[in-house]
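Here the structure is laid out as structure tokens; the discussion comes afterwards.
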Amino acid sequence: DRSNVIARYRGTGGGKTVLLCGHFDTSTTPQDTVPGPGHTPKYIEQDGWAYGLGISNMKNALAIYAGAVRAIMESKTPIKGDIIIGAVVGEIEKAPVDKYKGKDYRGGGSGARYMVHHGVIADVCIDGEPTGMRLQIGNTGYTFARITIKGIPSHTFSKAAGIDAIAKMEALLPTIRKWEETYQKRHPHPFMLPLVGIGSIEGGYPFKPSICPSPFCHLYLHITTIPGTTPMTVYRELEAVLQEQAAEDPELDWEIKFYLISDGYEIPKTSSVVQAVERSHREIFKQLVIYPEPARYSVSSDCSPIFQYGIPGVTYGAGGITPSGVYSMYDGAKGEVLGLENLYKMTQSYTLALIDLCNQPPDEGRPPKF
């Protein structure tokens, strides 16, 4: 019951087909965030800035796509290639695990992957993710991992007779945090920085805390990967961390489960889609485009699954910058924010980039890779 929406504006033929991809789902829901105008599914405007759930990530991009295509249509500007708007579901980094089951938890690029897998294809892709008007030419991949520590339960009165999984996890946390630095050194990249994030801890029985110590504790990790890193490489490195911990604590009983895996991608700055966006940005903003800092590449996008089908893409969005100039989707506690002037200028930049790309001859073969 979640549908992608696909629109196509046809050119006269002989040019590149450009896919404009954007997602419907939001990073959070009103139920799991603090109150604030940018966390509310309602449009609020203040001093040239707009607030609302999803306005930065990335519903504004769908408006940019429609506005750019409308400008081309109404101006009767001739284009050879087609323009496809792919409004997809299931982009947000999440996946079903444990008691969190069902379609509400399916993400990780599932909508975009379904779209191209079923024949919606193009020569290049531009994705309006919230980069703060910067141009991003790749993404890291990522793995969702669950580490489970097993204990021996007892009752509070006899807790000394058991093995506490929560206490074992507490001892493991500093080791995981320290591992991030080692992991980054093992996986260097010219412009991407892989990260290790601790996203959640869950252990014991909230409805029965008299079972103490806890028989289990789960730790959920977000491990980003430079393009081409195999899942087994990540697994074995994480496994080595647990084995080292177990060597110091013979009572440590653990297991690892991966429950979402996505590879990254990168394209060279010489790619036609990169060059076209650089030109359009310079024309509209009267300055050279900025490329993001290495950590920004650990934010995923639908360009990664789309690239697996031979379609090179960039992320380039109006969201992701606050009124104070900080590169973030969120204006503090106010939540998601979007500059309206940025929205207008990015629509113009997209329009020029589309005209440029659609009037270029199609590339032959698979796009270049590093």
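Some observations on this one:
- Taking Cα atoms only, the orientation of helix 231-248 departs from the longest principal axis of the chain by about 20 degrees.
- Taking every DSSP bridge with both residues inside segment 1-129, close to 45 percent are antiparallel.
- Peptides 158-170, 48-60 ordered by average Cβ neighbours within 10 Å, highest first: 48-60, 158-170
- Semi-axes of the equivalent ellipsoid of segment 45-110 are 33, 20, 6 Å, computed as sqrt(5λ) over the eigenvalues of the C-alpha gyration tensor in descending order.
- On a per residue basis, segment 1-154 carries 43 Å² of accessible surface, using protein heavy atoms and a 1.4 Å probe.
- Packing, as the average of other Cβ atoms within 10 Å across residues, places the peptides 209-220, 249-260, 303-314 in the order 303-314, 209-220, 249-260, highest first.
- Max mean-square fluctuation residue, GNM over the chain, Cα-Cα springs under 10 Å, options I284, I226, I83: I284
- Convex hull volume of segment 112-257 per residue (C-alpha atoms, cubic angstrom): 164 Å³
- Taking all protein chains into account, the per residue accessible area for segment 221-361 stands at 41 Å² (1.4 Å probe).
- Here the contact order of the chain, divided by its residue count and restricted to Cα pairs under 8 Å and six or more residues apart, works out to 29 percent.
- With all pairs of different C-alpha atoms in the average, the Kirkwood value for the hydrodynamic radius of segment 7-71 is 13.9 Å.
- Highest-first arrangement of 338-345, 143-150, where packing means the average Cβ count within 10 Å: 143-150, 338-345
- Normalised Debye scattering of segment 230-367 at q = 0.09, 0.13, 0.18 Å⁻¹ gives log10 I(q)/I(0) of -0.45, -0.78, -1.13, counting only Cα atoms as equal scatterers and leaving out solvent.
- Apportionment of accessible area to carbon and sulfur, segment 60-161, percent (1.4 Å): 59 percent
- Kirkwood hydrodynamic radius of segment 253-329, from inverse mean 1/r over distinct Cα pairs, in Å: 15.1 Å
- Based on every Cα atom in the chain, Rg and the maximum pairwise Cα distance Dmax equal 23.0, 80 Å.
- Stretchable slack from K185 to A240, in nm (0.36 nm times residue separation minus alpha-carbon distance): 18.2 nm
- Cross-link pairs K59/K101; K269/K345; K101/K208; K59/K94; K178/K208 - those with Cα-Cα distance over 30 Å: K178/K208
- Percent carbon-and-sulfur accessible area, segment 297-363, ignoring ligands, DNA and RNA, probe 1.4 Å: 60 percent
- Based on alpha carbons, the Rg and Dmax found for segment 94-164 are 21.6, 67 Å.
- MRE, 222 nm, helices only [DSSP H, n ≥ 4, -39500 (n - 2.57), over the chain, to nearest 500]: -9000 deg cm²/dmol
- Taking the C-alpha atoms only, the angle from helix 340-358 to the longest principal axis of the chain is near 70 degrees.
- Cα long-axis angle, helix 272-285 against the chain (0 to 90 degrees, to the nearest 10): 70 degrees
- Surrounding net charge for S154, when Lys and Arg each add one and Asp and Glu each subtract one, Cβ distance under 15 Å: +2
- DSSP beta bridge pairing in the chain, given as percent antiparallel to the nearest 5: 75 percent
The values are calculated or read from the model by the stated rules, or taken from the named source; none is laboratory data. A quick note: this is a predicted structure, and the numbers were derived from the prediction, not measured. Here the Cβ is made from the backbone with ideal geometry for all residues, glycine too, and neighbour counts use every protein chain on show. For accessibility, only protein heavy atoms count, side chains too; no ligands or nucleic acids. Shrake-Rupley method; radii C 1.70, N 1.55, O 1.52, S 1.80 Å.
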